[in-house]
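Below is one structure; the comments refer to it alone.
Derivation of every value follows stated rules applied to the coordinates shown; laboratory data play no part. Note that the structure is predicted; figures quoted are calculated from it, not measured. Cβ sites come from the backbone with ideal geometry, for glycine too, and all protein chains shown count toward neighbours.
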Amino acid sequence: MHPFRAIVAATTLAALAGAAGAQTYPNKPIRIIVPYAAGGTSDILARQIGPKLTEAWGQPVIVENKPGANGNVGADFVAKSAPDGYTLLLTDLGGLVISPSVYPKLPFDPSKDFSPVVMVSYSPHVLAVHPAVAAKDVKELIALAKANPGKLNFAVSGIGGAPQLAGIEFAQRTGVQWTYIPYKGGADAVTAVVGGQADVLFNGMLATWPSVTGGRLRALAISSAQRVPSAQDTPTVAENGLPGFETGSAGRGAARRGAAVLGMEHAAPRRAEPQRGVQRGAGGAWQPVAGEPHRPDRATGAAGRGASGRRAGAGLRAAAPGLPPAVG
C-alpha cells in the first residue's frame, strides 16, 4: 500500500453509525466521541474520517473529546447514550481491553455495553527519546537505562493504556526500569518528552512522527512487524533482539449495545475505493484496516495477552511501581 494514500472506504466507515439498514438514517447530526485529549492518535484519525462521513451521509459528523481515566470517561458516556447510532465511540482497542484489569470499579462493562462495529486503523508505536538523551539506538537506550535504574522518566498517555503496556513489555524483556509518568493523552505525553519533562516514550506513530521529522524527538524503533515504508531507516523493535514485539494503537469504532448494525460488512468491499482528502497521516503512520478481524493482541502487546481480571491489573502495577491507585 502506497505510504501517502489512505484506502478508507466511506461506506465501511459508515458502519460506525450502527444503523446501515435504516432508510431514514441518518436524519440528524452524528457525534463521534473520542475518549482522549485532542492531538492524539484517535483524535487525529477521527478528524480525518469525520469530513468523509459527512460527505457520505449528508449529515454533520461532530467529533467531541471526552478524555479522562485512560478513555473510560468517554467510553462511559457512549455506554449510557441512546442505542440509536447517533453517538459513536472511536477508541484505542488496547485501552478498552485492559481497562477492567486496571480500573476494577468501571461504571460500564466493555464486553457487554458496546457493539464492536469496525476496526478502522492500526498505528504502530514509536519508541522515541528526547534529543538530549544519550542514546542513538535501542542498544544504547537499554545500556543507559540499566546504568541508571528508575532514573529515566517514561511518559505514558494514561495508566494502563497500550503505550504503557508497550513500555512494560520492553522493560520486562530487556531488564530495564523506568519511572512511568502518566499524562492526559498521547499528545501531552509527546509534549512532555519534547519539552524535556520526560525522557522516553512509546506512542502512536500518527501523533508522534511529526515531532520526529521536526527534530524534536529521536526515533529509535517502531513497534510494527515490518519496517514502515516511509521510515525505512528506522528499525523495528523486533529487529533489536525482541522477536515478536508488535504493539500499536488499534482504532476501533463502537456503538452502544442495542444499536442495529446491518449489512455494512457486506456492502463495504463492493464500494471500497481510495478516498481523496484522507491521508495516511505522517507519511504512512497509520494503516486503514477496515474489515480486518479484531487484533487485541496487537493492540496490547504481550503484556496484555493471556492475563485476566485483577491479575492483569496487579501485574501492571507490579511492573510499574509508583503509579497512583486504580480507581473506578
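Observations, loosely collected:
- Two-site label geometry, Gln172 and Lys184: point separation in nm, points 7 Å out along Cα→Cβ: 3.1 nm
- Chain lengthening between Lys151 and Gln59 when straightened (0.36 nm per residue, less Cα-Cα): 28.0 nm
- Taking amide H as placed 1.01 Å from N in the peptide plane, Ala198 has its amide H under 5 Å from the amide H of Val193, each at least 5 places away in sequence or on another chain.
- Spin-label model distance (nm) - Ala82 vs Gln197, 7 Å beyond Cα toward Cβ: 4.0 nm
- The modelled label-to-label distance for the pair Glu239/Lys105, using points 7 Å beyond Cα in the direction of Cβ, is 4.7 nm.
- If you take the alpha carbon atoms of region 42-93 and fit the smallest convex hull around them, that volume is 81 Å³ per residue.
- Couplings for region 237-245, taken from phi via the Karplus curve 6.51 cos²θ - 1.76 cosθ + 1.60 with θ = phi - 60°, read 4, 4, 5, 9, x, 10, x, x, 6 Hz in order; Gly and Pro are left as x.
- Cα gyration tensor shape for region 90-221, rounded if a/c is under 1.5, else prolate or oblate: prolate
- Placing a label point 7 Å from the Cα of Arg216 along the Cα-to-Cβ direction, the residues of region 40-80 whose backbone N falls under 13 Å from that point are 40.
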